[in-house]
1. Identify the single condition in (1) over 15 Å from the mean Cα position of the chain (by Cα); (2) under 22 Å from residue A:36 (Cα atoms) that residue B:81 does not satisfy, given that it satisfies every other one.
2. Can you tell me which residue is nearest to residue B:44 (Cα to Cα) among those in the range A:31-46 that are surrounded by fewer than 21 Cβ atoms within 10 Å (Cβ to Cβ) and more than 8 Å from chain B (Cβ to nearest Cβ)?
3. What about residue A:21, is it at pLDDT 95 or above, within 23 Å of residue B:90 (Cβ to Cβ) and crowded, with 18+ Cβ neighbours inside 10 Å?
């Protein structure tokens, strides 16, 4: 049972373009939605996160859009750079409990010159 | 200084062997985790300890046994290794009840286990 569904599986974007990765969740108890970035040979690292009381959060070139009624959230990378090439994971959990962080299946992003 | 460090980084071993992976965090966190990442990059939690107490125990073969001697360390021991155990194992840590930070989980760099 995949509680967090992520798409696309892979994405190729030209330098300067916008990368968009989408996630959908099922458990309405989730109230914390982070995105992790993973480079080859490294562990996942927190990129940006959002709570459901806001519909958008922006940090530099990275923006999360959140749609609570649709149970969907997405990551937008503006002005994509070759250094952004990595695997991106969305995730979800309930804050402040012993519940687990449930990950999406990952999106491999390649930004070409 | 590395926040979450795990050893060894690479491990190649034969089927049937017993091996351990060690993890240490210097972030002052009270909760530690083991995640498994398979060949398709799917990340799945295996175990979680809070202040040395097991709080999450997913459906994992009992050949896998975690041990937390203190809240800064969480080791993973695997008995009778099988080919299907080949994966990358990530240790991670967080502050469980830090509402303001949303329980940010910090990952180590992974231990690449290959069973031959």
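The values are calculated or read from the model by the stated rules, or taken from the named source; none is laboratory data. What you see is a predicted model; the values in this text were computed from it and never measured. Every residue, glycine among them, receives a Cβ derived from its backbone with ideal geometry; neighbour counts consider all protein chains shown.
1. (2)
2. A:37
3. Here the answer is yes, as residue A:21 does meet what is asked.
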